[in-house]
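Asks: Below is the structure I would like to discuss, written out as structure tokens.
The values are calculated or read from the model by the stated rules, or taken from the named source; none is laboratory data. Source: prediction; values computed, not measured. Heads up, the Cβs are rebuilt from the backbone with ideal geometry, glycines too, and the neighbour counts pull from every protein chain shown.
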There are 4 protein chains.
Amino acid sequence: MLRYLTAGESHGQALLTIIEGMPAGLWLTADYIDRQLERRQGGYGRGARQRIERDRVEILSGVRGGFTLGSPIALKIANRDWENWREIMNPGLEARLDERVITRPRPGHADLAGALKYAFYDLRNVLERASARETVARVAAGAVARRFLEELGITLAGQVVQIGEVKAVPAEGTPEEIRSQADASPVYCPDPQASAAMVEAIERAEKAGDTLGGIFEVRVYGVPPGLGSYVHWDRRLDGRLAQAVMSIPGIKGVEIGLGFALASLPGSRAHDEIFYSPVQGYYRVTNRAGGLEGGVTNGEPIVVRAVMKPIPTLRKPLRSVDMFTKEPVAAAYERADVCAVPAACVIGEAVVAWEVAAACLEKFGGDTMAELKESFLRYKTRIRRGER
Amino acid sequence: MLRYLTAGESHGQALLTIIEGMPAGLWLTADYIDRQLERRQGGYGRGARQRIERDRVEILSGVRGGFTLGSPIALKIANRDWENWREIMNPGLEARLDERVITRPRPGHADLAGALKYAFYDLRNVLERASARETVARVAAGAVARRFLEELGITLAGQVVQIGEVKAVPAEGTPEEIRSQADASPVYCPDPQASAAMVEAIERAEKAGDTLGGIFEVRVYGVPPGLGSYVHWDRRLDGRLAQAVMSIPGIKGVEIGLGFALASLPGSRAHDEIFYSPVQGYYRVTNRAGGLEGGVTNGEPIVVRAVMKPIPTLRKPLRSVDMFTKEPVAAAYERADVCAVPAACVIGEAVVAWEVAAACLEKFGGDTMAELKESFLRYKTRIRRGER
Amino acid sequence: MLRYLTAGESHGQALLTIIEGMPAGLWLTADYIDRQLERRQGGYGRGARQRIERDRVEILSGVRGGFTLGSPIALKIANRDWENWREIMNPGLEARLDERVITRPRPGHADLAGALKYAFYDLRNVLERASARETVARVAAGAVARRFLEELGITLAGQVVQIGEVKAVPAEGTPEEIRSQADASPVYCPDPQASAAMVEAIERAEKAGDTLGGIFEVRVYGVPPGLGSYVHWDRRLDGRLAQAVMSIPGIKGVEIGLGFALASLPGSRAHDEIFYSPVQGYYRVTNRAGGLEGGVTNGEPIVVRAVMKPIPTLRKPLRSVDMFTKEPVAAAYERADVCAVPAACVIGEAVVAWEVAAACLEKFGGDTMAELKESFLRYKTRIRRGER
Amino acid sequence: MLRYLTAGESHGQALLTIIEGMPAGLWLTADYIDRQLERRQGGYGRGARQRIERDRVEILSGVRGGFTLGSPIALKIANRDWENWREIMNPGLEARLDERVITRPRPGHADLAGALKYAFYDLRNVLERASARETVARVAAGAVARRFLEELGITLAGQVVQIGEVKAVPAEGTPEEIRSQADASPVYCPDPQASAAMVEAIERAEKAGDTLGGIFEVRVYGVPPGLGSYVHWDRRLDGRLAQAVMSIPGIKGVEIGLGFALASLPGSRAHDEIFYSPVQGYYRVTNRAGGLEGGVTNGEPIVVRAVMKPIPTLRKPLRSVDMFTKEPVAAAYERADVCAVPAACVIGEAVVAWEVAAACLEKFGGDTMAELKESFLRYKTRIRRGER
């Protein structure tokens, strides 16, 4: 059973994660993880912070000489801004709790609900953890899962398909093509025209003191049929993906395959007919289901899309209430991005990778990568032959 | 920690659930649960089976004299059709495994992936469990959660807002109004005109041998701020709701509040400004967030919407492959509904009720309803006063 | 991940369990489970109830034609006494809650603590669930696990090694020998002399209106090295076995291998030296560790021992307090056994079987017994060869 | 739900833990945790390492200005020896994997089983994580739980009651008395005569190149009745304590209250009769049950005892096999303690504190210490009055 916990505040000392349950013998380096951290920091429309800090992971346990040991993997990503916050955020009694106090909750954030829940006077105690910076730890954990999947020939490609009112047609092609095209775009959108229009939209929003949301899509290629399960609701892979993606800060909707478009389609045009050839095994010529039928992978690429709301921290702030005086005020403004959809796409890849890796481990077991790969390959061979 | 397991095959002896973790002292009767089972069976567009069987729950444990005991609650809903299937589906060696064998997987179902995963010859072994009939147990479990929530003044209202191409404007008003208007419609759509058009659309689809999907919306009223949590991703209530709803058979998308519409809105029009009055405490005049900010309830009604794909079992069947001969064939046809969106709406209410109840128990603890209600009320009082 | 929930009250309608996560393709019949239920009911020193009811399991789901389907397995064991209790224990409003009310908590039972915890007036609401009758469901679940283990060549043998002051030397020999000798004894003790003395001790206790406890031992044979894990405390198999066994009603201590005797032994005589031969692979000539080193199986038989306290329900009752009047009284007396150690031994086998099966599934994965057995055999072959 | 993960190798960079689910508003400092780390390092009979490194915790997240934030608490304890091991244990490709290779498994450790399980060539990959040094992280996590319990007036006292053949009578008295007497002893044994004899026994063993095990006892005072639950086996507190304690390296047996001595006692002398007075509420004059009846606390102190086997790493090593050559050899010898029972006692306190804290949170809920304490006190008041 693969599991992980994350820890860390936005202006605390570091973000951390402990990953438990990864088999031994997986090749894994800090560089590999850093590549994903870097992608998370990229994307046009990000605020100043992404330029201050270049995130670097430190592997504190669970890996030796480039290979996992089977023991828990602890990853730490230092907050380079910590020096400036050490006095404010100090765990010890010397912390200056009366400085940089926030009492004006920002609509769209956890500020108000968090302060009520935990009975905090200073909203900083909420926003330091509710911050999207927590996703650094999730991207690091997801990078480990991604590495794991690569060993099984399972690869991911994410792309931004809408920012504000600018929509792109999702790129088709191999995962490598999609990835390289997406990486070439400042907003991770493989369609060059849409990409340019998205950049313009972000610039316009920035000038207007406004922010933008959008939609990203994550695909997983090379997935065998049979991951997840229809036998119990909480083992369905579609449900697990939905939880993982919806739990990314700012995400307000998740869909798989044709998703919400399926509401208006008749049954005769909503499914993927089944074919067989000795070479390919069972296959489809459409992928309306996004690779998941009955909560189980069907052998076609998994396709998940999610919508991110516009960032709630606006330079022209929204109306709020001071929780100390109860007077109407403008919401607090902390330095923030104009558009975080590209980053969200990278986070989306990470959490999807995690859930698919967990489903593989559940199905194929094994304490070592060698065992797991052997079980995986025997299964794939059986499936391709159409044996049961 | 509230948890439940379900069991049962579509043509097996019964559907069952065991619910563990419900406090003692909750008033609960079989009639109350039956009311929800009945609603699940209703809705225009259902097949013959819903008319054969009128589901009735049997409470086998955990309740005495109308009150829960704190011990696990076992619920059983007999399959009235069992008599006709006893020989086919028998657990014992006398089962006739060579009758009613299915080898033609239906696109859109778990049939093919399930058969490959579990190496089954007879697809019946998949579809008996992958069947939507499993949701009977989930609705029963959800009814217990609903009863629990009522004690805290938290109520639910579901409504169908789209079937095929017919869209309705979601009803506003009190939950009682929405519920009574929805219940008055054969498709659980409170808008009478849309409701009539939906019925017509279903009739047209039926004549064409086709099926229809659609969208439903579940709202939860009376929810205090602070349920769920932003501190760890898997405790966020938005993620848990997404998993629960996405795991309903046929669901391909979930959104909260404005959902996918948020992609095109600027930040200045995407959030809910914060106000305060001594009488109401903190409040909003919009509810674009659907009651959830940062994974935590904010005191506004929770609004969840989900899309159901059209039922894959078509009278004019889709192309498939016989898994025995590997020859192209028409998919198997089992008696089925034309449109199950109204039923899905009831199931949606059930699973949403469950997650909200679980979040309440997590936040307020307590082994008895009396304790829990006391903690709940003290919290609500503190919140209303704007204290921290 | 193998999991199960149990439900049911002692005088309720039935005991139930739902088992989730068992692979498909396991041969399983009601008769097989009944054999274990029967053993649980045996043993000299049991009260009248064991003679009234001959427990029989009903498989309600998850099994077809003698093979598991991969879907949840629901098992129900009816309480034959239900007819006499229907009016008292009825879930509905018609229950007679003012009859057979108990207000005198029995020392040694959950009566008092349970009543305080759940704020019950009638202690029946506690003791109906806290009753050892719940273990019927655990034995049923354990029988499924036992069947699973048999497929891998892993077998169990339990024996009673002490009742009151009568101690037996644990039988050595093959599991079949131990089992047949134990089954031949009215107290499941393979040593005939000790067995006779135990029966006498029980008779004496019965005459004195007293009760007896004792110690049983469960061994698991054919276990490969490598089950469980040292990498995280909650995955250690020794800890899981300890929880499972300690959670049997009446158990107050658990030990593995030499257990408490290890306190006085020097290190030079407390461990099992390691040898190797091409035929046997790695082996030991002692088994002081009881098959577990560092929380992981080492290839030797697992040996777990547990102590059961004497049954607290005494014909010559202990002093207690009436919870209604707060006056000193004699504790309530419900019909009970004089000695339940033989039954506890059977329950011990069941819960040990469950944990070992869960550890196998975790290590070897697989959705079908065929896959799992293949992975298991490949692993055993590698181990025997001393390869890494 | 309180949960934690630990990470770290014995000669890696650090030991870590992430604790998730602790309420906000708990006063917590590094000094407080360090005090427990220091106690873990104490105890006569420890090897050189305990003198090299004085463990110090670093709080990396979840605490600000001395109070918990509700967010995950990350704790790191650096391995001061890391500088000497950096080249051997490096996570990166530069690690020197061909140095300090171990191929001779030590009987009594996870070495052999771990190497087979994970297919390792170098046993260092096992022993670095299977090392008792992992318990540093568990003691740190347990210290947080201990702090939490103090706020509820629940305190712990551990004592060593046997080392080798030297047995002490467990000290009675207040927890403060037991603690101060135990802390005054070099082996944490409050009985001065036994303490001196234990020290001598350790010296004799050391001279003989041998090692010693023993027994420790942990008591928890101030526990209200009603923690844990009889309603489902895995919620019983006795079972959870047994798992937690048995999962400490070297522990081979756990008992509660009179434990194994109950085998020979008749029922009439094995239980704790129940009394009531308006001042004390319900009370007992004996505590044979060790504070737990039916898996639930009964208001008396919890008493848990555990046996630790002698340390398997002997200066006069045991026979083993070289896993590379398969030749008989002497087991590897790594610098080690002669007797670790005093340290195990501190670890025992830590893991017991954790389980009791988790049970409190489950019963009383609450996101803040203030809420939790209020619920706790109301409950205690109700109980004391004998109300239900």
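Asks: Given the conditions (1) without any contact (Cβ under 8 Å) to a residue 40 or more places away in the chain; (2) surrounded by fewer than 21 Cβ atoms within 10 Å (Cβ to Cβ), which single one is not true for A:Phe67?
Replies: Unmet condition: (1).
Asks: What about B:Glu273, is it surrounded by fewer than 24 Cβ atoms within 10 Å (Cβ to Cβ), facing chain A (nearest Cβ under 8 Å) and not in a helix (DSSP H, G or I)?
Replies: Judged against the criteria, B:Glu273 is a match.
Asks: So which of C:Ala95, C:Ala110 ends up being without any contact (Cβ under 8 Å) to a residue 12 or more places away in the chain and touching a Gly at 6+ places or on another chain (Cβ under 6 Å)?
Replies: None of the other options fit; the residue is C:Ala95.
Asks: So which of C:Leu127, C:Leu112 ends up being more than 30 Å from C:Glu371 (Cβ to Cβ) and either out of contact with any Leu (no Cβ under 9 Å at 6 or more places or on another chain) or of a type in the set (Val, Ile, Thr) (or both)?
Replies: It is C:Leu127.
Asks: Across the range D:128-138, which residue is farthest from A:Thr68 (Cα to Cα) among those that are in contact with a Gly (Cβ under 9 Å, 6 or more places away or on another chain) and away from chain A (no Cβ under 11 Å)?
Replies: D:Val136
Asks: Within the set of pairs 6 or more residues apart or between chains, which connect a residue that is at positive phi inside the range C:219-248 to a residue that is at pLDDT 95 or above and among the polar types (S, T, N, Q) with Cβ atoms less than 8 Å apart?
Replies: Matching pairs, first to second residue: C:Gly222/C:Thr155; C:Gly226/C:Thr297; C:Gly228/C:Thr297.
Asks: Quick test for you: out of C:Gly366, C:Gly348, pick the one residue that is surrounded by 18 or more Cβ atoms within 10 Å (Cβ to Cβ), more than 14 Å from chain A (Cβ to nearest Cβ) and either touching a Cys at 6+ places or on another chain (Cβ under 8 Å) or not aromatic (Phe, Trp, Tyr) (or both).
Replies: On inspection, the qualifying residue turns out to be C:Gly348.
Asks: So, one more: Is it the case that B:Leu16 is surrounded by 17 or more Cβ atoms within 10 Å (Cβ to Cβ) and in contact with a Leu (Cβ under 9 Å, 6 or more places away or on another chain)?
Replies: Yes, satisfied.
Asks: Within the range B:51-109, which residues are away from chain C (no Cβ under 11 Å) and among the small types (Gly, Ala, Ser)?
Replies: B:Gly108
Asks: I would also like to ask the following. Restricting to the range A:340-372, name every residue that is small (Gly, Ala, Ser) and either at negative phi or in a helix (DSSP H, G or I) (or both).
Replies: A:Ala340, A:Ala343, A:Ala344, A:Gly348, A:Ala350, A:Ala353, A:Ala357, A:Ala358, A:Ala359, A:Ala370
Asks: Does B:Ala157 qualify as being modelled with pLDDT of 95 or more and within 14 Å of chain A (Cβ to nearest Cβ)?
Replies: no
Asks: Follow-up. Hey, B:Asp34 hits all of (1) crowded, with 23+ Cβ neighbours inside 10 Å; (2) modelled with pLDDT of 95 or more; (3) more than 9 Å from every other protein chain (Cβ to nearest Cβ) but one; which does it fall short on?
Replies: (1) is the only condition that B:Asp34 fails.
Asks: Could you tell me whether the range B:246-267 includes any residue that is hydroxyl-bearing (Ser, Thr, Tyr), at the interface with chain A (Cβ under 7 Å from one of its Cβ atoms) and farther than 30 Å from B:Arg3 by Cα?
Replies: yes
Asks: When the range D:96-128 is examined, which residues are found to be outside any loop (DSSP other than H, G, I, E, B) and polar (S, T, N, Q)?
Replies: D:Asn125
Asks: For the range A:228-243, indicate whether the set of residues that are more than 20 Å from A:Ile347 (Cα to Cα), in contact with a strand residue (DSSP E or B) (Cβ under 6 Å, 6 or more places away or on another chain), more than 8 Å from chain B (Cβ to nearest Cβ) and at pLDDT 95 or above is non-empty.
Replies: There is at least one residue in the range A:228-243 that is more than 20 Å from A:Ile347 (Cα to Cα), in contact with a strand residue (DSSP E or B) (Cβ under 6 Å, 6 or more places away or on another chain), more than 8 Å from chain B (Cβ to nearest Cβ) and at pLDDT 95 or above.
Asks: I'm told C:Gly142 meets every condition in (1) out of contact with any Phe, Trp or Tyr (no Cβ under 6 Å at 6 or more places or on another chain); (2) over 16 Å from D:Gly295 (Cβ atoms) except one. Can you identify the failing condition by its number?
Replies: Going through (1) out of contact with any Phe, Trp or Tyr (no Cβ under 6 Å at 6 or more places or on another chain); (2) over 16 Å from D:Gly295 (Cβ atoms) one by one, C:Gly142 breaks only (1).
Asks: Also, I was wondering about something else. Can you pull out the residues in the range A:71-110 that are more than 18 Å from A:Arg133 (Cα to Cα) and among the basic types (Lys, Arg)?
Replies: A:Arg96, A:Arg100, A:Arg104
To keep it simple, each residue is scored yes or no on (1) of a type outside the set (D, E, K, R); (2) modelled with pLDDT under 95; (3) outside any loop (DSSP other than H, G, I, E, B).
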| residue | (1), (2), (3) |
| --- | --- |
| C:Val136 | yes, no, yes |
| C:Val139 | yes, no, yes |
| C:Ala143 | yes, no, yes |
| C:Val169 | yes, yes, no |
| C:Asp183 | no, yes, yes |
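Asks: Follow-up. Of all residues in the range B:345-373, count the ones that are among the acidic types (Asp, Glu) and either over 23 Å from D:Leu377 (Cβ atoms) or out of contact with any Gly (no Cβ under 8 Å at 6 or more places or on another chain) (or both).
Replies: Within the range B:345-373, residues that are among the acidic types (Asp, Glu) and either over 23 Å from D:Leu377 (Cβ atoms) or out of contact with any Gly (no Cβ under 8 Å at 6 or more places or on another chain) (or both) number 2.
Asks: Still on this structure, I have one more. All but one of (1) under 24 Å from A:Ala336 (Cβ atoms); (2) at pLDDT 95 or above; (3) in contact with a Phe, Trp or Tyr (Cβ under 8 Å, 6 or more places away or on another chain) hold for A:Ile18, so report the exception by its number.
Replies: Result: A:Ile18 passes all but (1).
Asks: Output the residues belonging to the range D:102-127 that are acidic (Asp, Glu) and buried (at least 24 other Cβ atoms within 10 Å of the Cβ).
Replies: D:Asp111
Asks: Continuing with this model, one more query. Tell me which residues, restricted to the range C:161-193, are crowded, with 21+ Cβ neighbours inside 10 Å, under 13 Å from C:Arg219 (Cβ atoms) and in contact with a Phe, Trp or Tyr (Cβ under 6 Å, 6 or more places away or on another chain).
Replies: Listed by number, the list holds a single entry, C:Ala182.
Asks: Taking the criterion of being under 22 Å from the mean Cα position of the chain (by Cα), buried (at least 21 other Cβ atoms within 10 Å of the Cβ), touching a residue at least 60 places away in the same chain (Cβ under 8 Å) and not in a loop (DSSP other than H, G, I, E, B), would at least one residue in the range A:202-210 satisfy it?
Replies: Taking every residue of the range A:202-210 in turn, at least one turns out to be under 22 Å from the mean Cα position of the chain (by Cα), buried (at least 21 other Cβ atoms within 10 Å of the Cβ), touching a residue at least 60 places away in the same chain (Cβ under 8 Å) and not in a loop (DSSP other than H, G, I, E, B).
For every residue, the table says whether it meets (1) part of a helix (DSSP H, G or I); (2) not aliphatic (A, V, I, L, M).
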{"position": "B:Met1", "(1), (2)": "no, no"}
{"position": "B:Tyr4", "(1), (2)": "no, yes"}
{"position": "B:Leu16", "(1), (2)": "no, no"}
{"position": "B:Asp34", "(1), (2)": "yes, yes"}
{"position": "B:Arg39", "(1), (2)": "yes, yes"}
{"position": "B:Gly43", "(1), (2)": "no, yes"}
{"position": "B:Ile59", "(1), (2)": "no, no"}
{"position": "B:Lys76", "(1), (2)": "no, yes"}
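Asks: Next up: Which count do you get for residues in the range D:326-339 that are surrounded by 23 or more Cβ atoms within 10 Å (Cβ to Cβ) and in contact with a helix residue (DSSP H, G or I) (Cβ under 7 Å, 6 or more places away or on another chain)?
Replies: 2
Asks: Output the residues belonging to the range B:285-298 that are more than 18 Å from A:Thr313 (Cα to Cα) and surrounded by fewer than 24 Cβ atoms within 10 Å (Cβ to Cβ).
Replies: B:Val285
Asks: Let me ask you something else. Given A:Leu112, A:Leu152, which one is modelled with pLDDT of 95 or more, closer than 30 Å to C:Glu20 by Cβ and of a type in the set (A, V, I, L, M)?
Replies: Step by step, each of A:Leu112, A:Leu152 is checked, and only A:Leu152 is modelled with pLDDT of 95 or more, closer than 30 Å to C:Glu20 by Cβ and of a type in the set (A, V, I, L, M).
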